[in-house]
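For reference, the structure discussed in these notes is given below.
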Amino acid sequence: MRKKIGVAAISLAVAGISVVATGSATSHGYTDQPISRQKLCANGTVTNCGSIQWEPQSVEGPKGFPGAGPADGRICAGGNSQFAQLDEVRGGNWPATRVTGGQGYSFRWQFTASHATTDFKYYITRNGWDRTKPLTRAALDPQPFMTVSYNGARPSSTAVHQGTIPTQKTGKHIILSVWTVHDTANAFYACSDVQF
């Protein structure tokens with residue numbers, strides 16, 4: 001009996017250490033409005049996505065974008081090689097959400113668990129960006145078109161940010177959404193393809 005209790009206690013201790021060691025694993029999310037590449041993969045709308053199809057909430061990488069964060073060409077995957085399919089150009093054929101410059105828009109994040117948050121920032125590609133190459137900082141307008149500060153507060157299971165789609169854009173673009181976690185060294189990244 002004591003041997004069984006001892007084994008159970010050790011198992012629980014190991015499980016507890018695992019949870020502590022992977023604390024960031026409790027804070028995951030993705031955008032579904034406009035729909036992100038990872039959510040398109042999870043929905044099965046886009047195939048051959050690799051493991052992201054089972055965990056669209058896991059595109060986590062270093063925070064501090066654009067000064068730090070994932071390397072150019074690896075931004076949509078948050079710098080995670082296991083999600084490299086999100087950085088693939090796919091001939092410019094990622095499904096795109098139709099938008100109009102200047103329209104009001106509800107940008108929406110879904111969370112599997114919330115986390116203390118610094119802010120959410122939304123960037124868009126500049127006019128003339130090269131759709132035949134993976135996303136780089138040089139392809140983006142240098143400043144976010146919207147920043148929503150949270151100052152360490154936790155969002156609920158769904159966060160909706162009211163904003164305006166940038167004007168003077170035509171054709172296909174990418175909106176990069178960055179959720180900066182307040183109390184870890186990471187942020188979450190989501191690329192959404194849009195068609196003006």
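The values are calculated or read from the model by the stated rules, or taken from the named source; none is laboratory data. Keep in mind the model is a prediction, meaning the values are calculated, not measured. Please note: Cβ atoms are built from the backbone with ideal geometry, for glycine as well, and neighbour counts cover all protein chains shown.
Residues in region 152-172 that are assigned to a strand (DSSP E or B) and either β-branched (Val, Ile, Thr) or surrounded by 14 or more Cβ atoms within 10 Å (Cβ to Cβ) (or both): 158, 159, 160, 161, 163, 164, 172. Cβ-Cβ distances below 9 Å connect the following pairs, each with a first residue in region 127-146 that is free of Cβ contacts under 8 Å to residues at least 60 places away in the same chain and under 10 Å from residue 66 (Cβ atoms), a second residue that is outside any loop (DSSP other than H, G, I, E, B) and among the basic types (Lys, Arg), and a separation of six or more residues or different chains: 144/121.
Under the condition of being in a loop (DSSP other than H, G, I, E, B) and acidic (Asp, Glu), which residue from region 92-151 is farthest from residue 185 (Cα to Cα)? So, considering only residues that are in a loop (DSSP other than H, G, I, E, B) and acidic (Asp, Glu), the one farthest from residue 185 (Cα to Cα) is 130.
Selection of region 158-191 for residues being touching a helix residue (DSSP H, G or I) at 6+ places or on another chain (Cβ under 7 Å) and either within 22 Å of residue 136 (Cβ to Cβ) or of a type in the set (A, V, I, L, M, F, W, C) (or both) yields 172, 186, 190, 191.
Of the residues in region 134-149, none is surrounded by 13 or more Cβ atoms within 10 Å (Cβ to Cβ), charged (D, E, K, R) and either out of contact with any Pro (no Cβ under 9 Å at 6 or more places or on another chain) or modelled with pLDDT under 95 (or both).
The condition of being of a type in the set (S, T, N, Q), surrounded by fewer than 10 Cβ atoms within 10 Å (Cβ to Cβ), modelled with pLDDT of 95 or more and closer than 30 Å to residue 95 by Cβ holds for residue 48. None of 80, 93, 151 is among the polar types (S, T, N, Q), touching a strand residue (DSSP E or B) at 6+ places or on another chain (Cβ under 8 Å) and closer than 21 Å to residue 50 by Cα except 80.
Please determine whether any residue of region 114-126 is loosely packed, with under 13 Cβ neighbours inside 10 Å and more than 14 Å from the chain's Cα centre (by Cα). Explain how you work it out, then say what you get.
Step one: filter region 114-126 for residues loosely packed, with under 13 Cβ neighbours inside 10 Å, giving none.
Checked region 114-126: no residue is loosely packed, with under 13 Cβ neighbours inside 10 Å and more than 14 Å from the chain's Cα centre (by Cα).
From the list 129, 94, which residue is within 22 Å of residue 42 (Cα to Cα), buried (at least 17 other Cβ atoms within 10 Å of the Cβ) and not charged (D, E, K, R)?
Going through 129, 94 in turn, just one is within 22 Å of residue 42 (Cα to Cα), buried (at least 17 other Cβ atoms within 10 Å of the Cβ) and not charged (D, E, K, R): 94.
Look at (1) surrounded by fewer than 20 Cβ atoms within 10 Å (Cβ to Cβ); (2) in contact (Cβ under 8 Å) with a residue 40 or more places away in the chain; (3) in a loop (DSSP other than H, G, I, E, B) and you find that residue 74 fails only one, number (1). Filtering 119, 72 for residues that are among the acidic types (Asp, Glu) and more than 16 Å from residue 30 (Cα to Cα) leaves a single hit, 72.
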